[in-house]
Structure formats: structure tokens, C-alpha cells
Amino acid sequence: MGGTFLAASSALGSVPAVLTPLIASAILLAVRAWIGVTGVPLSRRVSLLLDVVITILGVLFLTLVIVRFRTIG
Amino acid sequence: MSDGPAPATLRAPWRDLAATNASLGFAVAAVACWLVAVSHAQFSRMGQLGLASIVGTSFVLGLALLVGGFVFELLRGNRSDVRMVVFVVVLAVFLFGTACAIEPVASLESSWVHAGFVQYILQHGHSLSGYDARFSWPGGFSLASVLVAFTGQSSALGFLRWFPLAIELMYLAPVVAIARSSGVSWRAQWLGVALFFSTNWIYQDYFSPQGLNYLFFLVVLATVLTCLQPQHRQRVAWPQGSLQDWMDRVRRRFIRRPHHVEFVVAQSPAVTLTLIALVALICTASAMSHQLTPYAIILALIACLVTRQLGWPEILAAAALAAVGWLSLGATDYWIGHLANIFGSVGQLHSTLSANVTSRVVGSAVHRHVVDVRILITAAIYLLAGIGVLLRRPATRTLEALAAAPFVLVGIQSYGGEGLMRVVLFGLPFVALLAASALFSSRPRSYRPEGKRPSGPRLFAHPVRFVVVAGSLLAFSVATFVVRGGNDAYEAFSTGELAAVNYVYDHIRPGQGVAVTIYYMPIGQRDTGAIDYYVAYGSAQSTTVQGMLTALLQHRTAYVILSESQRRWGTMLEDLPANWEATILGGLLTHGYQAMASWRTATVLELSTLVAHNSAHATSG
């Protein structure tokens, strides 16, 4: 399935490809907010990891949106 | 002048009571004048100046009484938020309710088209793909269809007429909350709220997604500024040294709440989480409802973050994800093949400003005056705000950042020539508060000891300030009323015009078309997607009378509607002769059309071949 998914670069602009990092980053943002509000103690490393993952997912999402604009726009 | 509360011990109770009765008397007298003005106004006598041409002197007298009472109340020592709310509500009724009360049906063609979109969703349960760009952001229409069904109405038409007043009154609560959290003095807060309404000439409060989304914008900002601010108890001792420490430093400064900073929130964690979730939900709803507002929200949240007024950057990230996500995935119908519509005007500042300003200063002398006054109002409020910026000594420059943030939109999108107006609208709550700060500076002055303030009404101690504040507010209010209704000569409709449209809807069949010379008609509220609409003006070589007639005859729609609103548009904006519509009527009658129904302000024509066919069909039936 992964091979089929990546067989065409235009598939990167498909709805599932764009939606996946969108949902993932939204979930992690919700977790981050929950941690911040409730005061769950996190080590600096975990805290940094969370922020880096959210940033990477956000950048991935934006990249896929641009790919989507270019391939079907 | 310091804004601290006046000591009650020095105030004679009877003088307070008399002053309260006097100020409320101003409000009651103003309402009485408004009722007289509205009951005596005759819609059919509306001139080129629009609504202002039919309201009479009692309206202006009422507005003057209202503004006088408001400023009297503002300058008194005995403060009451409730009385200020009463005055602002009456001011909103004057400015936004007068047209609703006088005009027989809802104005603006777009509000009728939006009612048609709501009707389509109500009947089919989904939006119509590929029909109209606005259907690519159907959230507002879906919400309206839920509201229509919930209230047991058959259509959204019942909401159209009074929607502007209703939505403006809904803006009041978040605007007051923003003012409360702005850090300006009490008097500047309420004057800012009044200035927000009295300078809002931008007619975006009709039945539309943008009207609803502006409420979303205000609610998000009000919630962020009042409930979701970071509150530090101690300063962070930034770590020094390694790369990771440097990253931590940047991260803590702009993004992450550091562990060793204690955040004090005014509400429990559960309430805070609920508020964050609700704000994120509103941002998502906005992303699905309107093209521009989500980005205005994002810019405003960035302004809050930069000025350290946003305690939860997750909200900003969620708003950005929702806006870009919907544009990419939900509005595909809109941008496939039309990417230039979205990104074509990025960086085209000159052409955007030209489309937003220069191209609007056209038409008859009266109409150009109206447009000039709109520009003057905007320039005056920004000038006053600039003075306020210089006079203020705030703890944070959030208001300034929020007022400036929407201007980024101008560099990105011309928005069909309306971008600059929207920029002014999105900045207006903050610009109004800055302008109010110019008149009520929060800088403390020590010329009068706190304990030696005069009792009773303060305005007698400050007659000059009373005149300046009341004069400014009255000038803004009158000017805004005039220019808001300045297009009503052709954007407001008569019952005859609505009857003509309904006649067509009752007789037209799916697949047939109806044509108008220009879209100023109460049309589009029924059979969305089933009827072909044709507007002669704007198609090739049809900007002259002969050109429009030729276009109508070439297109040969089943029905043509000619009306007084269309005629006024032609004489006011296109400088056409007064009888230009009669020329088109004569041309159509001699080229196969037949007048089927006529009202004093509208005429319906039908293709003669269709008349014969329909008659035969009716006879055989």
C-alpha cells in the first residue's frame, strides 16, 4: 500500500495525505494545551520533543498543501 | 483628568438622582424622536442621498439628544455600566435599526442570494457544488439552515430585514469585553465602544457569512484578551550557554510556557480547557464559513502573541491549521483552475489599493460625496487613533498591534476590491479605543486632589471637554448614518420589486432564465441552481444602454425584470440618462418580449413565444 501511495508524486496532494498531518498536529496541540492547563510535569526533553514533533507535522502539512495546490490547482 | 471613582461622601444623593433622571430623559426623548422620524419617513420619496433624504430633522434632533445624554453620563462622577449599555444600544438602533424600520423589505441583493443558499441546504441537506464561490465556505449557510429549521420557518426570509440591527447588538458584548481588557480608562472604554458603532459605515452586517464571522472574530479576541492571557508571577531566569539552552530560550520566549513560571489563571483548569476548546471550535467554524475572516483572526492572534497577551499559542496554531486545512480540502471547488484568484494579488499593493479606493470614487456628484465622506470618516478615526497612540502610556501595545495587524491582508488579497474596507472593519474595535484614548488619556494628572472633586455632574466642570467629545461623536454618528444609507437609493428595494421577482418565481420553469440589467434586485432567494440568472451589465460591450439592450436580446432569457432600483443605479453610478430604462423597455417590447405584469417600481417581461407556448400548454392542460 505504501508503494502505491508513493507511486505518483501527485498522491502527496491527495486528501488523506494532507488530512493525516493535519489531524495528528491538531491532536498533539490538544495534548499540549491539556498539559499546560492541568500542570502535568514534563521533563525538558519531552517538552522539547512535543514541540519539535508539532512543528515538523505543521511544516509537513503546509508542504503537502503546496503540493496539492501545484498538482491539482 | 484622572479617571478614579469620585468619592461618594462628597456627592449629594439628590443631585445624583436628578442627574441620572436627566441622562435617562435624554435617552427616552431620543427614542421618541426616532419613532417620530421612522413613522413619518416615506420610502418612496428616497432621493440620491439614500436613507438620509427621508428621515427628517427629528432624527438628527434625536441623535443629538442621545449623544448629549451619553457624553453627560460619561463625564458624570457617578458611573453606571448599565446606563452606558442603554445609551449604546439606543445608538445602535439609530444607526443600524432605522433602515430596517423604514425600508419595506431587506436591502442588498446579496442577502437575498444568501437566503437562497440557505434554502438550498435546507431542502437538499448539502451545498451546491460548483455553483458559487460562497458555497465553498458553507458553514454560515448551514448554521442558518439549522436556525431556520429550529424556529419552524419555511425559509430564511424572515431573518433578513432586521438582521443588521440584531447582529450589531450581538457585537456589543464582545466589544465591551475587549474594551474592558484593553487597559484604557473607563471613559475611554465606553467612548471607544460608542465610536466603534458610530464609525462602522462598512455595510457588512447584512444577512451574510461575513456578518456572522465578524461576531466570531470579536468573540475570539474578547475571550483571548479577558480569559486566556498569560499572567506571570515571576520573571524567568533564562539559561545561558549551549545550543540547546539557546533553543530553549527562544522557545520559552515565544512559544512554550516555561516550567518555572507560574501561570495564574482566573478560572479553574476545566474552565480554561473548555474556553480553549470553544475558541478553537469557533476558529474552525470561521474557517468553514468565510474566506477572509479566519486569516484576520490568525493575524490578530499573532498580534496578541507578540505583545504577550496570548497565553495559549495552541489556539493560534489550531486557527491556522483550520483555515489552511479548509482552503486546501474543503474549498477545492473554488480554487481548482482559479489559483490566481487566491494568490494572484499577493504583493500587488498598488493595484489592490486602486481597486479598493480609486475605482470606488465614481458616479454622480451626490454619490461621490458619499464616498468622500466614507474616506473622511476612516481618515478621521485613524488620525484620532494616532493621537491616542502618542498620548497613551500603556503597559502593553496590544491595541496598536491589533489595529495594525489586519493591514497585512491588503498586501495579500484585494478581495474583489473590498479588502481595504475589511481591513478597516477588523481593526475598528481597537482603532476606536485608541481614538477614545486621545480624548480620555489614561495618563494621571495631579492638578486636582482626589478628595476635592466637585460633586454631581462633572460636565459642568468640563464644558469644553463635553463639547469636544459630544461634537466628535455626533459628527461621526451623523456622517456614518448618511454614508451607510448612501447606497440605499439603489440597494434598498420596494414591495413592488419583490412582487415582480415573486411573479417570475411563480411562473418560471427549471432551466429557464431571468435577466436584469444590473443585480440590484431582491432576487436569488428561491430555486438556487435551477434557474439561469443573467446580468446584462458587465458582459462584453454592455456598459452602455444600447450595449445592455443588445446583450439582453442576444441572451434572450425567458423573463426580464426592469425596476426602479436598477434605473437609479444607472443614473447615479453610470451617469446614464434618466429614461435609460424606458429605452431598454421599448427595445425589448419591439423585439419579441411582452410586458406580463407591472408595478409602480417594476415591470416583468416575458418572451412572446413562451407566452404563446405557455398559454397553449395551459389550455391543453
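On the given criteria, is B:Ala222 in contact (Cβ under 8 Å) with a residue 12 or more places away in the chain, small (Gly, Ala, Ser), assigned to a helix (DSSP H, G or I) and out of contact with any strand residue (DSSP E or B) (no Cβ under 9 Å at 6 or more places or on another chain)? The answer is yes for B:Ala222. Could you tell me whether A:Thr71 is in contact with a Pro (Cβ under 9 Å, 6 or more places away or on another chain), modelled with pLDDT under 95 and of a type in the set (S, T, N, Q)? No: the conditions fail for A:Thr71. In the set (1) over 30 Å from A:Arg45 (Cβ atoms); (2) modelled with pLDDT of 95 or more; (3) surrounded by 21 or more Cβ atoms within 10 Å (Cβ to Cβ); (4) not acidic (Asp, Glu), the condition left unmet by B:Gln291 is number (2).
Among the residues of region B:120-133, not a single one is open to solvent by less than 20 Å² (accessible area, probe 1.4 Å), assigned to a helix (DSSP H, G or I) and not hydrophobic (A, V, I, L, M, F, W, C).
Restricting B:Leu305, B:Leu301 to those that are within 14 Å of another protein chain (Cβ to nearest Cβ) and modelled with pLDDT of 90 or more reduces the list to B:Leu301. Pairs linking a residue in region B:321-342 that is within 11 Å of A:Leu22 (Cβ to Cβ) and more than 8 Å from chain A (Cβ to nearest Cβ) to a residue that is part of a helix (DSSP H, G or I) and not aromatic (Phe, Trp, Tyr), with Cβ atoms under 6 Å and 6 or more positions apart or on different chains, are B:Ala322/B:Cys283; B:Ala322/B:Thr284; B:Ala322/B:Ala287; B:Trp326/B:Ala287. A residue that is modelled with pLDDT under 90, in contact with a strand residue (DSSP E or B) (Cβ under 8 Å, 6 or more places away or on another chain) and within 14 Å of another protein chain (Cβ to nearest Cβ) occurs somewhere in region B:310-318. Within region B:477-514, the set of residues being within 20 Å of the chain's Cα centre (by Cα), open to solvent by 20 Å² or more (accessible area, probe 1.4 Å), over 18 Å from B:Arg567 (Cα atoms) and not small (Gly, Ala, Ser) comprises B:Val478, B:Val482.
Of all the residues in region B:159-187, those that are crowded, with 23+ Cβ neighbours inside 10 Å, not aliphatic (A, V, I, L, M) and not in a helix (DSSP H, G or I) number 1. Taking the criterion of being under 20 Å from B:Arg15 (Cα atoms) and open to solvent by less than 30 Å² (accessible area, probe 1.4 Å), the residues of region B:76-94 that qualify are B:Arg76, B:Gly77, B:Ser80, B:Met84.
The values are calculated or read from the model by the stated rules, or taken from the named source; none is laboratory data. Worth saying up front: this structure is predicted, and the values here are computed from it rather than measured. For neighbour counting, all protein chains shown are included, and Cβ atoms are generated from backbone atoms with ideal geometry for every residue, glycine included. Just the protein is used for accessible areas: all its heavy atoms, side chains included, with ligands, DNA and RNA removed. Shrake-Rupley method; radii C 1.70, N 1.55, O 1.52, S 1.80 Å.
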